[in-house]
Amino acid sequence: MAVSVTSTNAMDAFWMPFTANRRFLKEPRIVTAAKDMHYTTADGRKLLDGTAGLWCVNAGHGRPRIVEAVSATVAELDYAPSYQFGHPVAFELAGRIASLFPGDLNHVFFTNSGSESVETALKIALAYHQSKGEGTRTRLIGRERSYHGVGFGGISVGGIATNRRHFGSLLAGVDHLPHTHAPEHNAFSRGQPEWGAHLADDLERMVSLHDPSTIAAVIVEPMAGSAGVLPPPKGYLERLRAICHKYGILLIFDEVITAFGRLGAASATELLGVQPDIVATAKGLTNGTIPMGAVVVDAAIYDSLTQNSATPIELFHGYTYSGHPVAAAAALATLDTYAEEGLFQRAAELAPHFENAAHGLRDLPNVIDIRNMGMVCGIELSARPGAAGERGFEAMQMAFDRGAMIRITADTIALSPPLIISKGQIDELFELVAGVISDLK
Ligand code: PXG
């Protein structure tokens, strides 16, 4: 069905998320179709997808197996509740997801988005401590420059000021570790920076300040995505893990971006060999086709919550669409596609080429840092005096005009293409971005 966008009046009913709405109405960027590595724009141009949608279309667009699974399932079982009833696809999917995560990360709670996965993970952490008789552990620790979605829990532990400052007092009892970005020490690092592991030791300071008996969990993105692509310094996550272990604090990884192949492995957990207690996922789980998230939980947490429960229902939490059959079918077909095409391995193999292409932009005007990990890179441009974000915004618009979809966070360009991208298309993407940066004022 063709979507016609006729007038500004018709368009402004849609209040667009995280968008400069007034500016968009004057200069809309509309896409109407997508296949493999490309979007089609409303005026019929092809756009190379440099961002896998919003970091979610890891297998590329319009993949037949996923399309067929969604069509077949919606015809057969359009909806079924997961409260007190079940359907086979959700059980099968939970097992498949658990098998992708190492150690005892083998219980899966379904959500519909990354934000809901984060809220779920935080609530499970709090309920777990209570189930063990340690209900004083209520404090949550996040990190500066982290993005954990837009729920009240997520923005409370999150560390992006613009996402917090308009929304009242947020959750009480939250503290933040320092972020790990320090251009004077780690600018233009390739992969994980050498400098910065010691920043994890700040958790020791918080433990002395608050006492471990008050701290429930630490939540971090193993690689911070939205805040401008910040790979973890070497040894940093290991130190956080050790300190959490020492004081009985749960470690939550927000892998909404990093799970399902983005870094060249099933997850950052697997790639980095650091074992969290809870992992929040979404995005790549269904290749972006149908909204779905999954929270993967360690057996010790599940066992404590289920075995110590004083009520028949062990966790008073869930969503109407938890384990939705059509989303679950999309996820199974997505995981099949990843496996059949070896896309996690492919990402690992392409990563060095991607890294070289990214760092090839180093000498262009206004480029002040380039960061990368797996199939992600951030290219940071200096801000125009008094106009932070303006140069980045223009880069996005110019790339759209010239044939690529790219993402920006303020003045940082973030590239994270579908993992089916070819080396030739990587070169094409970076050449286009290089041209844009060179022509920007
Ligand atoms: N955690 C992380 C680490 C994320 O990146 C969320 C939670 C929330 O997911 P939902 O599905 O509720 O949006 C995210 C989402 C961008 C961008 O351009 C990133 C996200 C969403 C939209 C845009 O960087 N990440």
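What whole-number distance in Å separates the alpha-carbon centres of the range 163-197 and the range 81-105?
The range 163-197 and the range 81-105 have Cα centres spaced 33 Å from each other.
Take the eigenvalues of the Cα gyration tensor for the chain, scale each by 5, and report the square roots as semi-axes in whole Å, largest first.
Working through the eigenvalues yields semi-axes of 34, 28, 21 Å.
So for the chain, averaging the separation of alpha carbon pairs under 8 Å that are six or more residues apart and normalising by length, what relative contact order in percent results?
Numbers: 871 pairs, mean separation 96.5, N = 441.
This gives 22 percent for the chain.
Note down the magnitude of the dipole of the range 67-340 about its Cα centre, charges +1 on Lys and Arg C-beta and -1 on Asp and Glu C-beta and zero elsewhere, to the nearest 20 debye.
The dipole of the range 67-340 has a size of about 660 debye.
If I take all pairs of Cα atoms in the range 224-372, what percentage of them are more than 18 Å from each other?
Details: 7550 of 11026 pairs.
Cα-Cα pairs of the range 224-372 separated by over 18 Å account for 68 percent.
Find the Rg to Rh ratio for the range 304-410, where Rh is the Kirkwood radius over alpha-carbon pairs and Rg uses the same atoms.
Computed over Cα atoms, the ratio is 1.19.
Dipole of the range 67-340 (Lys/Arg Cβ +1, Asp/Glu Cβ -1, origin at the Cα centre): which of Cys244, Ile124, Phe316 lies farthest to the positive side?
Cys244
Highest GNM mean-square fluctuation, the chain, Cα pairs closer than 10 Å: which of Met405, Met11, Met396?
The residue that fluctuates most here is Met11.
For Phe14 paired with Asp439, estimate the spin-label separation in nm (one decimal), with each label point 7 Å from Cα along the Cα-to-Cβ line.
Between Phe14 and Asp439, the simple spin-label model gives 2.6 nm.
Which translational diffusion coefficient, to the nearest whole µm²/s, is obtained for the range 354-441 from the Stokes-Einstein equation, given a Kirkwood hydrodynamic radius over C-alpha pairs, 20 °C and 1.002 mPa s?
The diffusion coefficient I find is 167 µm²/s.
How would Glu76, Glu270, Glu221 line up from fewest to most surrounding beta-carbon atoms within 10 angstrom?
Glu76, Glu270, Glu221
Please report how far the C-alpha centroid of the range 263-325 lies from that of the range 370-403, rounded to the nearest whole angstrom.
33 Å
Please report Arg165, Arg239 as a ranked list, fewest other C-beta atoms within 10 angstrom at the top and most at the bottom.
Arg165, Arg239
Select from Arg391, Arg241, Arg22 the residue whose mean-square fluctuation is largest in a Gaussian network model of the chain (Cα-Cα springs shorter than 10 Å).
Arg22
Can you put Trp15, Trp195, Trp55 in order of Cβ neighbours within 10 angstrom, beginning with the fewest?
Trp15, Trp195, Trp55
Could you tell me which of Ala20, Val67, Leu54 has its Cα farthest along the dipole of the chain towards the positive end, charges placed at Cβ (Lys, Arg +1; Asp, Glu -1), taken about the Cα centre?
Positive-most Cα among the choices belongs to Ala20.
Which residue, chosen from Ala333, Thr214, Ile290, occupies the Cα position most advanced towards the positive end of the dipole of the range 67-340, where the dipole is computed from +1 (Lys, Arg) and -1 (Asp, Glu) charges on Cβ about the Cα centre?
About the Cα centre, the residue reaching furthest to the positive side is Thr214.
How large is the charge dipole for the range 298-359, taken about the Cα centre, if only the Cβ atoms of Lys, Arg (+1) and Asp, Glu (-1) carry charge, to the nearest 20 debye?
For the range 298-359, the charge dipole is close to 160 debye.
Could you pull the Cα extents of the range 172-301 along its three principal axes, largest to smallest, in whole Å?
Taking the Cα atoms of the range 172-301, the three principal extents are 45, 39, 28 Å.
Pull out the extension gain between Phe85 and Ala172, defined as 0.36 nm times the separation in residues minus the alpha carbon to alpha carbon distance; nm, one decimal.
27.8 nm
Every number in this text was worked out from the coordinates using simple rules, so none of it is lab data. Bear in mind the structure is a predicted one, so any value in this text is a computation, not a measurement. When we count neighbours, we look across all protein chains shown, and the Cβ atoms used for this are built from the backbone with ideal geometry, even at glycine.
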